[in-house]
Amino acid sequence: MQKKAILIGELILDKDIYVTNRGYAAEHKAPKNILMNEKTILGGTGMVLNALSILKKKTNFFTIVNSKLNLKSKYISSHQIENFSYKLEKKRFWDGDKLIMQLNDLKKSKKIISNLHEKFIKYLKKDTVSDRIILCDYRNGIFTDKFTKQVIEISKIKGLTIYVDQQSTSNNPQLYKFMKSDYLILNRYEYNKAFKQYNINESNMKQNLKRLSDILKIKNLVVKLGDQGSLIYNKDEYFKVKAYKSKGKVNTIGAGDFYLARFATLENKNSKVRLDKANKFASKKIYNKL
């Protein structure tokens, strides 16, 4: 029987709103736009969930949503708490291929987060069908210090491989709570923030990663380098694998989430193969070939 993955993190509703300019409003001389099209997709951890579904990886998914969403499919058994006071929504306004504005509508509830924590810990303690856990921290309240440390402690006892991805939009990444995880997967910009936060300023990238690995006690550090591919550091390995490039229209939204999903689901593969296949899967997302 195929082992399951556990996925937990904030689900964000991404709304793409396509407009075209039609001059200026007479009253205020502000730009006047006409709505051309609108679509909504699952962003945040929802994008990772989408990738896992494409990869046919059976997943138990824990999140908080602001309305009823049908997330069940052949490969996904959904565990969710629904509450209208907790809302994570991003609206992106496009004029052709140009992003002209992003509007974030974020409302949080400590009570709902606490309920999710309680339900998840109970599930994790009883779980016997999973072999890995993916923690997607979008910095919207789920991963408190106490809860995260408890999750990692239980996961270690149960022998789960722990993958961490954090999208840091502040200068304080707060990575200490993920200590002793197995993999930390961030982009170069996010790693640079971590180096600054923890006063790491060695002579090169390898030495910076070694220091961070020692501080956080995380064995494997993976750096997503965009069109430069990705690299891995652990005590035995340090190397980079090139990205896949193709022709066509590019959309990088969700590329990192698809990279994470592919890397975390590859089994019995060496590091070079894992980096290569993750790069390839992210490239397919970027060039709309999935």
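The values are calculated or read from the model by the stated rules, or taken from the named source; none is laboratory data. Keep in mind it's a predicted model, so treat the numbers as computed, not measured. Every residue, glycine as well, gets a Cβ built from its backbone with ideal geometry; the counts of neighbours run over all protein chains shown. Each accessible area value is taken on the protein alone, full model and side chains, heavy atoms only, with ligands, DNA and RNA left out. Shrake-Rupley method; radii C 1.70, N 1.55, O 1.52, S 1.80 Å.
Ignoring ligands, DNA and RNA, what percent of the accessible area of the chain is carbon or sulfur (1.4 Å)? Don't skip to the end; give the middle numbers.
Values: 7350 of 15290 Å².
Of the solvent-accessible surface of the chain, carbon and sulfur hold 48 percent.
Just the Kirkwood number for segment 1-68, please: inverse of mean 1/r across all distinct Cα pairs, in Å, one decimal. Show your work: numbers first, answer last.
Working: mean 1/r = 0.0670 Å⁻¹.
Value: 14.9 Å, from the Cα pair sum.
What full-extension length gain, to one decimal in nm, is calculated for residue 38 and residue 121 as 0.36 nm per residue of separation minus the Cα-Cα distance? Let's see the in-between values first.
Working: separation 83, 0.36 × 83 = 29.88 nm, distance 3.77 nm.
Contour length minus Cα-Cα distance gives 26.1 nm.
Largest first, please: the extent of the C-alpha atoms of segment 221-290 along each principal axis, to the nearest Å.
Cα spread of segment 221-290 along its principal axes, largest to smallest: 39, 22, 16 Å.
Where does segment 185-241 land on the Kirkwood hydrodynamic radius, alpha-carbon pairs, in angstrom?
Radius from the Kirkwood sum: 11.3 Å.
May I ask you to give the solvent-accessible area per residue for segment 156-248, in square angstrom, as obtained with a 1.4 angstrom probe?
Details: 5020 Å² over 93 residues.
Computed with neighbouring chains in place, this is 54 Å² per residue.
For the pair residue 267 and residue 139, how long in nm is the line joining their label points, each one 7 Å along Cα→Cβ?
3.5 nm
Could you work out the relative contact order of the chain? I mean the mean sequence separation of Cα pairs under 8 Å and 6+ apart, divided by the number of residues, in percent. Don't skip to the end; give the middle numbers.
On the way: 544 pairs, mean separation 41.7, N = 290.
In percent, rounded to a whole number, it is 14.
Over the Cα atoms of the chain, Rg to Rh with Kirkwood Rh, two decimal places? Display every interim value, and only then the final one.
Values: Rg = 19.8 Å, Rh = 20.2 Å.
Rg divided by Rh gives 0.98.
State which helices in the chain qualify, where a helix is a whole DSSP H run, it must extend 27 Å or more along its own axis by its Cα atoms, and its mean Kyte-Doolittle hydropathy must be at least -1.0. Intermediate results must be reported in sequence, preceding the final value.
On the way: long enough: none.
Passing helices, by number: none.
Label residue 201 and residue 154 with points 7 Å out from Cα along Cα→Cβ: what is the distance between them in nm?
Result for the modelled spin labels: 4.2 nm.
Between segment 100-116 and segment 217-240, how many Å separate their Cα centres?
Taking the Cα centre of segment 217-240 as reference, the centre of segment 100-116 is 32 Å away.
Which three extents, in angstrom, do the Cα atoms of segment 106-234 have along their principal axes, listed largest first?
Sorted from largest, the Cα extents of segment 106-234 read 45, 34, 27 Å.
What FRET efficiency comes out for residue 179 versus residue 90 if R0 is 45 angstrom and r is the Cβ-Cβ distance? Round to the nearest 0.05. Could you put the intermediate results ahead of the total?
Values: r = 30 Å, r/R0 = 0.67.
After rounding, the FRET efficiency stands at 0.90.
Report, for the chain, the % of DSSP beta bridges that are antiparallel, rounded to 5.
Details: 29 of 66 bridges.
Close to 45 percent.
Helix-derived [θ] at 222 nm for the chain: sum -39500 (n - 2.57) over DSSP H runs of at least 4, divide by residue count, nearest 500? Provide the component values of the computation, followed by the final result.
Details: 7 runs with 89 residues, N = 290.
Result for the chain: -9500 deg cm²/dmol, rounded to the nearest 500.
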